[in-house]
1. Say the dipole of the stretch 169-218 comes from +1 at the beta carbon of Lys and Arg and -1 at that of Asp and Glu; which of Ile175, Ile190, Gly218 then lies farthest toward its positive end?
2. What does the helix-only formula give at 222 nm for the chain: each DSSP H stretch with n ≥ 4 adding -39500 (n - 2.57), the total divided by the residues, and the result rounded to the nearest 500 deg cm²/dmol?
3. Quote the charge dipole size of the stretch 5-217 about the Cα centre in Debye, to the nearest 20; the model charges only the Cβ of Lys and Arg (+1) and of Asp and Glu (-1).
4. Could you put Leu137, Leu11 in order of accessible surface area, largest first, with the 1.4 Å probe and the full protein assembly present?
5. Pick from Val43, Val166, Val53: which residue has the top mean-square fluctuation in a GNM of the chain where Cα pairs under 10 Å get a spring?
6. Taking the stretch 127-219, which chymotrypsin sites (Phe, Trp or Tyr not before Pro) meet the DSSP loop condition and have no more than 16 other C-beta atoms within 10 Å?
7. Determine the relative contact order of the chain: mean sequence separation of Cα pairs under 8 Å and six or more apart, normalised by residue count, in whole percent.
8. Assuming a ≥ b ≥ c are the square roots of the Cα gyration tensor eigenvalues, decide whether the stretch 1-151 counts as rounded (a/c under 1.5), prolate (otherwise, with a/b larger than b/c) or oblate.
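The values are calculated or read from the model by the stated rules, or taken from the named source; none is laboratory data. Bear in mind that the values here come from a model prediction, so they are computed numbers and not experimental data. All Cβ positions, even for glycine, are placed from backbone atoms using ideal geometry, and neighbour counts span all protein chains on display. Please note that ligands, DNA and RNA were not included when accessible areas were found on the heavy atoms of the full protein model with its side chains. Shrake-Rupley method; radii C 1.70, N 1.55, O 1.52, S 1.80 Å.
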Amino acid sequence: MLQIKIAPSVLAGDFARMGETVRSLEENGADYVHCDVMDGNFVPTITFGDQMVRHIRPYTSLPLDCHLMVLQPEMRLEGFARAGADVVSVHLEECRESIARTLRLIKNYGIKASAVINPDTPVEKIFDVIGEADMVLLMSVHPGWGGQKFIPESLSKIEKLRNFCVAAGRPEMDIEVDGGITEENVKDVISAGANVIVAGSAVFRSADMRATIRRLRGE
Ligand code: DX5
Ligand code: ZN
C-alpha cells in the first residue's frame, strides 16, 4: 500500500518569513516541502532559486521537493544539490529527448529524480523514462501560478500512469500531482493513483493547517 504524502507548496506561503513558513509545515505534519522554482522564462513568474533552498534547509528535516520550472534545468542541478534539495523535478517540455540524461545527473548527486509533464502533454510521453525516474509529477494546472482550478482531465492521466507503472513492474513509483488540489477533490486524485499530493492554497489558506493536512491525507 503506497504511503500518501502531503507536499505543501511554499508558493502560497509568506516569502518574507520563509524559514518560519517551512518550520510550520513540519510542525503541522507535512511530509514534503514543495519548492516552486520559477525563472520567469519557462513560466512568466519569478519566485526563487537555490539560494532560497539553502536558506530554508536548516529550518526543517522534511525532504525539500524542488519543482524546477526553469530553462536548462541541467545547468542548475549542482546548485540545488549543494543547497540541500532532496528531490528535483524537471519538465519533459524543457528537457525533451535529454530528460533521461538529466534524471541520471540528478541521481548522481544522490538526489531523487522526478520527471514532470504539463497538462497538455500526453501521459504516454513520459512512459519511456519511468525506468530512470524515482517519481513522476503530473501537473493538474498550467505551471506558473498557485490558486488555479484543478484540470479534471488530469484524473485519467493519473490512472493511465499508475496502470503503466504497475504493468512495468514499478508499482511503488511515487506519482505526485500538483495544482488545484483541495479537500473536495483530493479523494478522486488519490483513488486515481496519485500518492504525493501538492497543495499550496488549500494548506496556506486553512484556519487549521494541521487538520487540513490530515484531511488531505485521508485521516
Ligand atoms: C504551479 C505550481 C504548483 C502550485 C500549487 O506552477 O507548480 O505547485 O503552486 O498551488 P495550488 O495548490 O494553490 O494550486
Ligand atoms: Zn509545483
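1. About the Cα centre, the residue reaching furthest to the positive side is Gly218.
2. After summing the helix terms and dividing by the residues of the chain, the value is -8500 deg cm²/dmol.
3. Here the stretch 5-217 has a charge dipole of around 320 debye.
4. Order by accessible area, largest first: Leu11, Leu137.
5. For the chain, modelled as a Gaussian network with Cα springs under 10 Å, the answer is Val166.
6. The qualifying sites are Trp145.
7. 20
8. Rounded.
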